[in-house]
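Structure incoming, see below.
The values are calculated or read from the model by the stated rules, or taken from the named source; none is laboratory data. Owing to the predicted nature of the structure, the values given are computational and were not obtained by experimental measurement. Reconstructed Cβ throughout: ideal geometry from the backbone, glycine too, with neighbour counts over all protein chains shown. Surface accessibility is based on the protein's heavy atoms, side chains included, excluding ligands, DNA and RNA. Shrake-Rupley method; radii C 1.70, N 1.55, O 1.52, S 1.80 Å.
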Amino acid sequence: MSPYAMSMLMSSLAMGTIITLSSSHWFLAWMGLEINTLAIIPLMTKMHHPRATESATKYFLTQATASALLLFSAAMNAWMTGEWTIVNMNSYIPTTILTIALAIKLGIAPFHPWLPDVLQGLDMMTCLILSTWQKLAPMALLILTSHQLNTSLLTLMALASAIIGGWGALNQTQMRKIMAYSSIAHLGWMTLVISFAPGLALLNLTIYLMMTSSMFVMLMALNATNMNKLSISWLKTPTLAASMMTGLLSLGGLPPLSGFLPKWLILQEMTKHHLGALSAVMALSALLSLFFYLRLSYMISMTSPPNISNANLAWRKKNNLSLISPILIVLSTMLMPITPMLLM
């Protein structure tokens, strides 16, 4: 793709998100979401492959449906209240439709099936954008309207996302599908706490963005698209393989890594609201996710491929990591010691 076209598309992505984040009117927020969707479609189809075309088509149809529902809920709310402001959604039906629209946009269960299929047909850089940047605008709208949304509906969707996100990745071998189910599970944790403590949901989103970005950057550096390619990474780049193993454990929420911090704080907040049974189910669903992260860590660190070289010095791949990669890796694994500062 031409650098000029790429810069224009990336600028449009940034502009769409900024318009949505800075708007107080539903029509402006909807317009920012539409600019976001239309800017990423050419990035999806730049591979000129049938799978990429299929992914772009699926993404466009789901996002168009979600945008139509969002505009319908905003128009219905304006008809009932006479206002188009985002923070004034007081009626039951518009807020329910809005919750469903934002769940479709984010890929929260039970509106999640498009996300693994779409990610599987894209290259790693577009997967990174879709898993991180494209979550910002819908999540901002969800946080802005969280005090008016149906808490029971959000809790049910959060529970379904955490269980499906852990269960769905158990039999996957493709890294992009595994990262898609990881995204669904993390979105479940954010959705669970968003009605009780939006600040915690924002902290969870920030840590999720750092962990997912560092993981995709390392996958791009290793050119690993499935588990078999991960198993030979230790021979080629031992340092990067060790960093990826730590990043995977952090994604799984294993203490004392950064991924444990949001889960710990969310479970603490849930028990404060006397939701012990719900907290227990969420903690058990996190064990499902931890299992496949541990399986990937085992593949990276403790297995050797059958076609290993007999030479004493294995060929080493040139490290093509960007300068921001070490910062992302450190932030995605070592945030636990500064927990008091983050809470303040």
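Give me the accessible area per residue for region 3-343, probe 1.4 Å, as a whole number in Å².
Working: 14770 Å² over 341 residues.
In whole numbers, region 3-343 has 43 Å² accessible per residue.
Could you work out the relative contact order of the chain? I mean the mean sequence separation of Cα pairs under 8 Å and 6+ apart, divided by the number of residues, in percent.
15
Checking the table Lys58/Lys236; Lys105/Lys263; Lys236/Lys263; Lys46/Lys263; Lys58/Lys229 against a 31 Å threshold on Cα-Cα, which pairs fail? Please report the intermediate quantities before stating the final value.
On the way: Lys58/Lys236 36 Å; Lys105/Lys263 23 Å; Lys236/Lys263 34 Å; Lys46/Lys263 37 Å; Lys58/Lys229 28 Å.
As for pairs spanning more than 31 Å Cα to Cα, those are Lys58/Lys236; Lys236/Lys263; Lys46/Lys263.
Grab the DSSP H runs of the chain that are 4 residues or longer, score each as -39,500 (n - 2.57), total them, divide by all residues and round the 222 nm result to the nearest 500 deg cm²/dmol.
Helix contribution divided over all residues of the chain: -24000 deg cm²/dmol.
Could you give the length gained on full extension between Phe72 and Leu284, defined as 0.36 nm per residue of separation minus the Cα-Cα distance, in nm?
72.6 nm
Let me ask something additional. If the viscosity is 1.567 mPa s and the temperature 4 °C, what translational diffusion coefficient in µm²/s does Stokes-Einstein give for the chain when Rh comes from Kirkwood over Cα pairs?
Diffusion coefficient, whole number: 62 µm²/s.
Kirkwood Rh, region 1-157, all Cα pairs: how many Å?
By the Kirkwood definition, the hydrodynamic radius is 16.0 Å.
Non-local amide H neighbours of Leu254 (under 5 Å, H modeled in plane, Pro and chain starts lacking H): which ones?
For Leu254, the qualifying residues are Phe260.
I've got another one for you. Quick check: residue separation of His273 and His48 times 0.36 nm, minus the Cα distance between them. What number comes out in nm? If you can, show how the numbers build up before the last one.
Working: separation 225, 0.36 × 225 = 81.00 nm, distance 5.09 nm.
Gain in length upon complete extension: 75.9 nm.
Taking the Cβ of Gly168 as the centre, find all other residues whose Cβ is under 15 Å away and add up their charges (Lys, Arg: +1; Asp, Glu: -1). Walk me through the numbers before you get to the answer.
Details: positive: Arg176, Lys177, Arg295; negative: Asp117.
Once positives and negatives cancel, what remains is +2.
For region 6-46, take the alpha-carbon Rg, divide it by the Kirkwood Rh, and send me Rg/Rh.
Taking Rg over the Kirkwood Rh, I get 1.03.
Then there is this: Tell me the net charge near Pro116. Cut-off is 10 Å between Cβ atoms, Pro116 excluded, with +1 for each Lys or Arg and -1 for each Asp or Glu.
+1
Skipping prolines and chain starts, which residues have an amide H placed within reach, meaning under 5 Å, of the one on Asn226, given they are 5 or more residues away or on another chain?
Here Met175 satisfy the definition.
Count the net charge of all other residues whose Cβ sits under 11 Å from the Cβ of Ala197, scoring Lys and Arg as +1 and Asp and Glu as -1.
Numbers: positive: Lys272; negative: Glu269.
Computed value for this residue: 0.
Probe radius 1.4 Å, ligands and nucleic acids ignored: give me the carbon and sulfur share of the accessible area of region 32-104 as a rounded percent. Don't jump to the answer; show the numbers that get you there.
Working: 2340 of 3280 Å².
So the carbon and sulfur contribution to the accessible surface is 72 percent.
Please give the FRET efficiency for Asp117 paired with Trp264, using the beta carbon to beta carbon distance and R0 = 45 Å, rounded to the nearest 0.05.
0.85
If you rank Leu130, Leu290 by how much accessible surface each has, with a 1.4 Å probe, what is the order from largest down?
Leu290, Leu130
Calculate the FRET efficiency for Asn223 and His25 from the Cβ-Cβ distance with a Förster distance of 45 Å, rounded to the nearest 0.05.
For Asn223 and His25, the calculated efficiency is 0.50.
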